[in-house]
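One structure is given here, and the rest of the page talks about it.
The values are calculated or read from the model by the stated rules, or taken from the named source; none is laboratory data. Everything numeric here is computed off the predicted structure, so don't read it as measured data. Glycine gets a Cβ as well: all are built from the backbone with ideal geometry, and neighbour counts include every protein chain shown.
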Amino acid sequence: MYTVQQGHDHLLIIIIIIIIIIIIIIIIIINNNNNSIFTIIMITTTTTTAAVIKVINILIIIITTIINATIPIITIVTTTIVIVMATYLNVKYS
């Protein structure tokens, strides 16, 4: 599976906390009626969990896409460097 470095770990926690705060504020604005606190908490937890899962899924997709995209680029670059070096050495010592 994917391992997350410590730095990214803290960043992810901060993002999640911000998302939770935003959702709570939105729910408070929507539920300006005298709804019970329990339903607000229930709605918040379910929506937050869904949001967090979505964010993590999107991050995984982005990471895999970046990895898949960079592999051919790295191959092309290294091949080009090898060809250029070989040509340079060939011309220099011929």
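Residues of the stretch 50-87 that are under 27 Å from His10 (Cα atoms) and among the small types (Gly, Ala, Ser): Ala50, Ala51, Ala69. Out of the stretch 1-18, which residues are under 21 Å from Thr48 (Cα atoms) and at pLDDT below 55? Hit for the stretch 1-18 is Val4, nothing else. The set of residues in the stretch 20-48 being of a type in the set (S, T, N, Q) and either surrounded by 12 or more Cβ atoms within 10 Å (Cβ to Cβ) or modelled with pLDDT of 80 or more (or both) consists of Asn31, Asn35, Thr44, Thr45, Thr47, Thr48. Thr78 meets the conditions (1) in a helix (DSSP H, G or I); (2) farther than 16 Å from Ile19 by Cα; (3) at pLDDT below 80 in every case but one. The failed one is (3).
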